[in-house]
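The values are calculated or read from the model by the stated rules, or taken from the named source; none is laboratory data. What you see is a predicted model; the values in this text were computed from it and never measured. Cβ atoms come from the backbone with ideal geometry, glycine included; neighbour counts cover every protein chain shown. Side chains are part of the model used for accessible areas, which takes the heavy atoms of the whole protein and leaves out ligands, DNA and RNA. Shrake-Rupley method; radii C 1.70, N 1.55, O 1.52, S 1.80 Å.
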Amino acid sequence: MKHTKVKDLLNSASTQQEVNAKGWVRTFRNNQFIALNDGSTINNIQCVVDFENTPEETLKRITTGAAISVTGNLVESQGAGQKFEIQVTNLQILGDSDAEKFPMQPKKHSLEFLRENAHLRVRTNAFGAIMRVRSVLSFAVHTYFQNKGFVYVNTPIITGSDAEGAGEMFKVTALPFDKTPRTEEGKVNYKEDFFGKETNLTVSGQLEAETYAMALGQVYTFGPTFRAENSNTSRHLAEFWMIEPEVAFNDLNDNMDLAEDFIQYVIKYTIDKCQDDLKFLEGRLTEEEKVKPQAERSEMPLLEKLNFVLENNFKRVSYTEAIDILRNCKPNKNKKFNYIIDEWGADLQSEHERYLVEKHFKCPVILFDYPANIKAFYMRLNEDGKTVRAMDILFPGIGEIVGGSQREERYDVLVEKMKALGIDEEELWWYLDTRRFGSAVHSGFGLGFERLVLFVTGMTNIRDVIPFPRTPGSAEF
């Protein structure tokens, strides 16, 4: 008999004579009531065992974590909290679980403990919900761009260029460490390496995506990226996923329109598809907030925060205006900020971004026209010669979630910017070619997918929204 998903059983229109369900035991109480979950929903279905006619040896094997198959009648539940339950007529143990050693016991576990058991943590309600939301968000990303006529481009994971110019990249090499070939100057001889040059894991697919936008008009990438940044904060990963659209003939205003529309679409899509999971995560977040100091508590419940983004137009503010607001605000004057804003040109921190969103404007904010010296080389220089056509989108509780810009389409200006920053023209000859052959105004942005999942789920540590986090000193699983 083909089994039916728990989600479909719970959503049945009526009772059924006989059904089969397969899943994992969450709890087994009174030698009779099994809470069964198969991952299709956050809700369990109750399976009522005929313990008088079930062998004692079988009953002993029904333990937390065990995989089982149950066949029986789907009937209206006698208990509160669910519409249907299964009156079991046949039960099979598919996989035993050592109840005493199984880490995911039916009790509250710390997030740190669950990270140490990342291979099993998805069996908890919280991580099951997070990963279902992540999956739906991922589908929403592709749905949005495909419906808008974008072409999905797979950019290289192994690259010889540093798109961000920060140098925090993981090297890719086939050279032996004990007998590394050297040049006459004593440097590593990469000509003898697999690719014949120095290569790294990509930090961004943007530069390659730009070349495709110059032929296909509008493209997007959605793939893994890597940063060898030795950071152990709750907002950084060494391996994460990036969404990066690039659009020919779009200026900065078009770019801001696209980013705002995109974010609101994927959040709305996820709210519509993941109501049970989001309600559970909201309840979880509410309980966690109760034990936090008042100053650290979120001002909005999770679903209210998500709707806050949907119902408010994003306020567009120049960097210069934002600096004036921050310089004159009470937290800055009273030295409550960890990073005091003294003058124009400061690189804004999360505390400043959140102040603008949560306290001053009380809506999502798009900052634009940043100082050139704190932004990447490929951003279009403004006529004032000191700012670039960059934009960042700021959200409540998280700060920056999107970074983008109108790209520098003028060949001469781009070459001068690269020279000033010491970027080798020969390494990026192909990128410069796009400015020599049919260059046009174009723009794009990058959105770290885990930052988006973090915001939508209400979690506070980015390590909890990716299946197997990669961080300094940790590459387990």
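Observations
- Between the C-alpha center of segment 73-101 and that of segment 336-376 there is a gap of 53 Å.
- Accessible surface of segment 23-181 [probe 1.4 Å, protein heavy atoms]: carbon and sulfur percent: 49
- Mean Cβ neighbour count within 10 Å, used as a protection proxy, ranking 279-285, 2-8 highest first: 279-285, 2-8
- Separation between Cα centres of segment 226-297 and segment 418-472, rounded to whole Å: 16
- Remark: the chain carries a charge dipole of roughly 1180 debye about the Cα centre, counting +1 on each Lys and Arg Cβ and -1 on each Asp and Glu Cβ.
- Gyration tensor (alpha-carbon) shape descriptor, segment 11-92, a/c threshold 1.5: prolate
- Using heavy atoms of the protein chains and a probe of 1.4 Å, the accessible area assigned to residue 27 is about 50 Å².
- Alpha-carbon centroids, segment 194-221 and segment 109-146: separation in whole Å: 28
- Charge dipole (debye, nearest 20) of segment 391-477; +1 at Cβ of Lys and Arg, -1 at Cβ of Asp and Glu: 220
- Between the helical axis of 411-420 and the longest alpha-carbon principal axis of the chain there is an angle of about 90 degrees.
- Rolled with a 1.4 Å probe across the full set of protein chains, the surface gives residue 221 an accessible area near 10 Å².
- Estimated inter-spin distance, residue 177 and residue 120, nm [label 7 Å along Cα→Cβ]: 3.1
- Pairs of Cα atoms farther than 15 Å apart, segment 155-202, %: 48
- Inter-site label distance for residue 350 and residue 229 at 7 Å from Cα along Cβ, in nm: 1.1
- For the residues 352, 142, 119, a 1.4 Å probe over the protein chains yields an accessible-area ranking, largest first, of 119, 142, 352.
- Across segment 334-363, the residues whose backbone nitrogen lies under 14 Å from the label position 7 Å along the beta-carbon direction of residue 312 are 353-363.
- Ranked by how many other beta carbons lie within 10 Å on average, peptides 89-99, 297-307 from highest: 297-307, 89-99
- Value of [θ]222 nm, deg cm²/dmol, for the chain, DSSP H segments ≥ 4, -39500 (n - 2.57) each, nearest 500: -9000 deg cm²/dmol
- A dipole drawn for the chain from +1 and -1 charges on Cβ atoms has a positive end, and of 258, 376, 117 the residue lying farthest that way is 117.
- Over 27 Å between alpha carbons, listed pairs 83/107; 305/386; 101/292; 179/417; 292/375; 108/362: 305/386; 101/292; 179/417; 292/375; 108/362
- The residues of the chain present an accessible area of 50 Å² per residue when probed at 1.4 Å with all protein chains retained.
- Taking 18 Å as the cut-off, the amide N atoms of segment 402-440 that come nearer than this to a point 7 Å along the Cα-to-beta-carbon line of residue 198 belong to 418-430.
- Legend: residues 225, 320, sorted from most to least accessible area (1.4 Å probe; ligands, DNA and RNA excluded), read 320, 225.
- For 419, 336, the ranking by accessible surface with the largest value first comes to 336, 419, using a 1.4 Å probe.
- Calculated from backbone phi, Karplus (6.51, -1.76, 1.60) coupling profile of segment 221-230 in Hz, x at Gly/Pro: 10, 8, x, x, 9, 9, 9, 8, 8, 7
- Segment residue 33-residue 111, extension gain: residue separation times 0.36 nm, minus the distance between their alpha carbons: 25.2 nm
- Rounded to the nearest 20, the Cβ-based charge dipole of segment 270-393 about its Cα centre (Lys and Arg +1, Asp and Glu -1) stands at 300 debye.
- Furthest towards positive pole of dipole, 169, 126, 406, structure part the chain, Cβ charges: 126
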